[in-house]
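Each reported figure results from applying straightforward, stated rules to the coordinates on display, with no laboratory input. As the structure is a computational prediction, the values presented were derived from the model and not from experiment. Methodologically, a virtual Cβ is constructed for each residue, glycine included, from the backbone with ideal geometry; neighbour enumeration extends over all protein chains shown.
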Amino acid sequence: MRLVLLGPPGAGKGTQARVLGELWGIPQIASGDLLRAVVRENSALGREAASYMDRGQLVPDEFVLKLVAERLQKPDAQKGFILDGFPRNVAQAEALATGLERAGLKLDKVVAVMLPDEEVVKRISGRRTCRNCAAMYHVTFEPPAKAGVCDKCGGQLYQRDDDAEQTVRERIKVYHAMTQPLLDHYRRLGLLAEVDGIGRLDEVENRILAAVGGSAAPAGARVGRARS
Ligand code: ADP
Ligand code: ADP
Ligand code: ZN
């Protein structure tokens, strides 16, 4: 399976990509996670990337394309992948298609997880992320068993700097201007399915599974934090 998850910030792309990646035995590749790893190294490039991320702007394509291309070369991505947060504009989508074509590959599906702007703000303002394994929680909707501690690895949960409300508003604008046109792009290619991002985690998961032509996951096959 070679899948792209599209949708505004907070739609649940990362949460769903993790569950589905475990279900299918393929990696979740999140451009935001790749970028945050570079930022943590505190190199000159990392600091430059952070200057865009802190403002809610897109990091320049050249930088993101290189990071994602390197990640896609790794052995674990050869049997498939779930891209989350990439591509973010039409130029990135075209670069991805060209890169896959060169390897004789193509995307199987693009699923857009839809969420209205007012829900985006609620989701993002309560989001907490694990410093160690990047798992996502929500203080109200998906709280960890113990406040501030990751259920999966015991890591510390934190609030991303760019999850502050003012930056979220900017990210929503950037989404509408740069990323939303990708829906039409992939619709024209016959790859797009849209699913409603509102509902329980397992409901959204089953919508995505239906959209990619699979059946609903049996409860026992589901791993990770998905609850029923
Ligand atoms: P979210 O899913 O909440 O929007 P991400 O972790 O995907 O957050 O992205 C966080 C930030 O990282 C973005 O606001 C942007 O600055 C940068 N970023 C992530 N992916 C890309 C990309 N594909 N192209 C450019 N910038 C990106
Ligand atoms: P994205 O990767 O699209 O930016 P995330 O997966 O990080 O989104 O989810 C954003 C926030 O919303 C997180 O705090 C997450 O725990 C929460 N969340 C994800 N899916 C749902 C859902 N179906 N219902 C309620 N909250 C959710
Ligand atoms: Zn963790």
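Would you tally the residues in the stretch 29-44 being surrounded by fewer than 15 Cβ atoms within 10 Å (Cβ to Cβ) and either near ligand 1 (Cβ under 9 Å from one of its atoms) or in a helix (DSSP H, G or I) (or both)? Can you show your working first?
First, the residues of the stretch 29-44 that are surrounded by fewer than 15 Cβ atoms within 10 Å (Cβ to Cβ): 37, 40-44.
If we keep only those that are either near ligand 1 (Cβ under 9 Å from one of its atoms) or in a helix (DSSP H, G or I) (or both) as well, we get 37, 40-41, 44.
Number of matching residues: 4.
Any chance you could count how many residues in the stretch 72-91 are under 21 Å from VAL111 (Cα atoms) and assigned to a helix (DSSP H, G or I)? Talk me through it step by step, then tell me what you get.
Looking only at the stretch 72-91, we keep the residues that are under 21 Å from VAL111 (Cα atoms), and these are 72, 77-91.
This time we only want the ones that are assigned to a helix (DSSP H, G or I), so: 72, 77, 90-91.
Within the stretch 72-91, residues that are under 21 Å from VAL111 (Cα atoms) and assigned to a helix (DSSP H, G or I) number 4.
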Note on the stretch 145-161: residues over 26 Å from ARG55 (Cβ atoms) and near ligand 3 (Cβ under 9 Å from one of its atoms) are VAL149, CYS150, ASP151, LYS152, CYS153, GLY154, GLY155
Per the list (1) within 23 Å of GLU94 (Cα to Cα); (2) within 16 Å of ligand 3 (Cβ to nearest atom), residue check on HIS176 breaks on (2)
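May I ask you to verify whether GLU48 is outside any loop (DSSP other than H, G, I, E, B) and either in contact (Cβ under 8 Å) with a residue 60 or more places away in the chain or surrounded by 22 or more Cβ atoms within 10 Å (Cβ to Cβ) (or both)? Let's see the steps before the verdict.
Details: outside any loop (DSSP other than H, G, I, E, B): yes; either in contact (Cβ under 8 Å) with a residue 60 or more places away in the chain or surrounded by 22 or more Cβ atoms within 10 Å (Cβ to Cβ) (or both): no.
No: the conditions fail for GLU48.
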Quick count over the stretch 96-149, residues being of a type in the set (D, E, K, R), surrounded by 13 or more Cβ atoms within 10 Å (Cβ to Cβ), touching a residue at least 60 places away in the same chain (Cβ under 8 Å) and under 28 Å from PHE63 (Cβ atoms), is 5
Those residues of the stretch 53-71 which are more than 23 Å from VAL4 (Cα to Cα) and either of a type in the set (Asp, Glu) or part of a helix (DSSP H, G or I) (or both) amount to ASP54
Over the stretch 150-177, the set of residues closer than 24 Å to VAL110 by Cα and surrounded by fewer than 17 Cβ atoms within 10 Å (Cβ to Cβ) is LYS173, HIS176, ALA177
